[in-house]
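K.L.:
First the structure, which I've put down as structure tokens, then a few questions once you've had a look.
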Amino acid sequence: MHQYENLLVQIEQGVMWLTINRPEQRNALNQETLQELGDAFSQADANDEVKCIIIQGAGEKSFAAGADIKQLHERKMLEALIPGMQGLYKKIEQSSKVTIAAVKGYALGGGCELALACDIRIAAKGAKFGLPELNLGIIPGAGGTQRLSRVAGKGRALDMILTGKIIDGEEAERIGLVTYLAPDDELVTKAEEVASQILKKGPVAIKLAKLAVHKGFDVDLETAMLIEKLSQAVAFGTEDKREGTAAFLDKRTAAFTNQ
Ligand code: CO8
């Protein structure tokens, strides 16, 4: 695994921990950090040892305070058309590994959008979520206008985007922006607990379940059901399916092999 400038990477028992490490800049996501995140995801996807990726921010104050405004200030119109942050977050959403955002402190703008691109969001009670891009004369451009609407509803997304208000972890849980809430000092434990459930599952079934949910969400119901059925047919052809069902009948823990 590469050594990065702005990202700490640790692999422990099937979990890759990615820690955005620019705490003095509130973990603002500059181009270098985004590139490192992309590289770490490529490495994770190619590594069978990794089943789950947990993203967190270094320090107590921030998960990620969004795109680096110093760099945004210099960016020209056509540069907004490159895949950039939106492309990276698509890659994260489409990762074959389960992704968890463990949010403490600020998750603003591109930081909130990064959490939204993950499969599961866990927040400390004191976390602060917001999409304040309109204050800067721009709009959420890394999936925020779409993913927030999808998890919290169009009305709440419009409210958060148009007012730029910042909500705490409890409010984020109430509106469905986060899945789990934890006391500030138990965030890591909660993330480990959720990851431990995922580690017991077969990697092929994880990939297929993610594919069916994510791809199915954006198409009509009939097509979505077909995606589910075809994904299930693939699962039925795997050794993991034979092992999982046999283990249940033998009253033992399944030993999945990713085949
Ligand atoms: N970018 C650059 N630097 C930042 C950022 C940021 N997003 N956030 C904080 N910093 C820096 C500050 O400039 C400051 O630096 P310095 O010490 O050198 O002056 C340092 O971090 C500490 O910041 P504060 O003193 O402000 O710390 P506080 O704890 O008082 O406040 C906040 C923390 C509330 C997070 C505050 O810093 C803040 O409001 N930050 C900006 C949040 C924001 O507006 N985020 C949205 C950015 S835009 C975006 O994400 C767009 C994504 C889509 C892009 C698509 C492009 C095509």
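K.L.:
For the stretch 7-199, give the percent of accessible area contributed by carbon and sulfur heavy atoms, probe 1.4 Å, rounded to a whole number.
P.N.:
Values: 4560 of 8820 Å².
C and S fraction of accessible area: 52 percent.
K.L.:
In addition: Working from the pairwise distances between different alpha carbons, so that the mean of 1/r is found and then inverted, what is the stretch 108-259's Kirkwood radius in Å?
P.N.:
It is 17.7 Å.
K.L.:
I'd like the accessible area for TYR180: 1.4 Å probe, protein heavy atoms, all chains in place, Å² to the nearest 10.
P.N.:
80
K.L.:
Given the stretch 117-177, what whole percent of its Cα pairs are spread farther than 17 Å?
P.N.:
34
K.L.:
Give a quick list of trypsin sites (Lys or Arg not before Pro) in the stretch 132-167 that DSSP marks as loop, anything other than H, G, I, E or B, with at most 16 other Cβ atoms within 10 Å. Don't skip to the end; give the middle numbers.
P.N.:
Details: sites: ARG147, ARG150, LYS154, ARG156, LYS165; in loops: LYS165.
When the trypsin sites (Lys or Arg not before Pro) of the stretch 132-167 are filtered for loop state and at most 16 Cβ neighbours within 10 Å, LYS165 remain.
K.L.:
Accessible area of the stretch 203-250 with a 1.4 Å probe: how many percent of it is carbon plus sulfur? List each step's numbers first, then the result.
P.N.:
Details: 2270 of 3310 Å².
Exposed carbon and sulfur together represent 69 percent of the surface.
K.L.:
What number comes out for accessible area per residue over the chain if the probe is 1.4 Å? Units Å², please.
P.N.:
53
K.L.:
Same structure again: Could you work out the percent of alpha carbon pairs in the chain separated by over 35 Å, rounded to a whole number?
P.N.:
16
K.L.:
Given C-alpha coordinates of the stretch 203-250, what is the ratio Rg to Rh with the Kirkwood estimate of Rh?
P.N.:
Working: Rg = 12.3 Å, Rh = 11.3 Å.
Dividing the radius of gyration by the Kirkwood radius yields 1.08.
K.L.:
Now, a different point. Percent relative contact order of the stretch 112-233, based on C-alpha pairs within less than 8 angstrom and at least six residues apart?
P.N.:
Averaging sequence separation for qualifying contacts and normalising by length gives 27 percent for the stretch 112-233.
K.L.:
Within the stretch 19-66, report the GluC sites (Glu not before Pro) that DSSP leaves as loop and that have at most 14 other Cβ atoms within 10 Å. Please report the intermediate quantities before stating the final value.
P.N.:
On the way: sites: GLU24, GLU32, GLU36, GLU49, GLU60; in loops: GLU49, GLU60.
Qualifying residues, ordered by number: GLU49, GLU60.
K.L.:
Can you compute the charge dipole magnitude of the stretch 203-250 about its Cα centre, using +1 on each Lys and Arg Cβ and -1 on each Asp and Glu Cβ, nothing else charged? Give it in debye, rounded to the nearest 20.
P.N.:
Magnitude of the dipole: close to 80 debye.
K.L.:
Of the DSSP beta bridges with both residues in the chain, give the percent that are antiparallel, rounding to the nearest 5. All intermediate terms of the calculation are to be shown ahead of the outcome.
P.N.:
On the way: 8 of 31 bridges.
The antiparallel fraction comes to roughly 25 percent.
K.L.:
Counting alpha carbon pairs within less than 8 Å and at least 6 residues apart, what relative contact order, in whole percent, applies to the chain?
P.N.:
14
K.L.:
Show me the three semi-axes of the equivalent ellipsoid for the stretch 1-106, from the C-alpha gyration tensor (sqrt of 5 times each eigenvalue), largest first, rounded to whole Å.
P.N.:
23, 17, 11
K.L.:
Further, regarding this structure: State the Cα centre-to-centre distance between the stretch 31-62 and the stretch 208-259 in whole Å.
P.N.:
Using only Cα atoms, the two centres lie 26 Å from each other.
K.L.:
Suppose the Debye formula is applied to equal point scatterers at every Cα of the stretch 15-54; what is log10 I(q)/I(0) at q = 0.26, 0.30, 0.31 Å⁻¹?
P.N.:
These q points yield log10 I(q)/I(0) values of -0.88, -1.01, -1.04.
The values are calculated or read from the model by the stated rules, or taken from the named source; none is laboratory data. For clarity, every value in this text was computed on a predicted model and none was experimentally measured. All Cβ positions, glycine included, derive from the backbone under ideal geometry; neighbour counts span all protein chains shown. Calculation scope for accessible area: heavy atoms of the full protein, side chains included, ligands and nucleic acids excluded. Shrake-Rupley method; radii C 1.70, N 1.55, O 1.52, S 1.80 Å.
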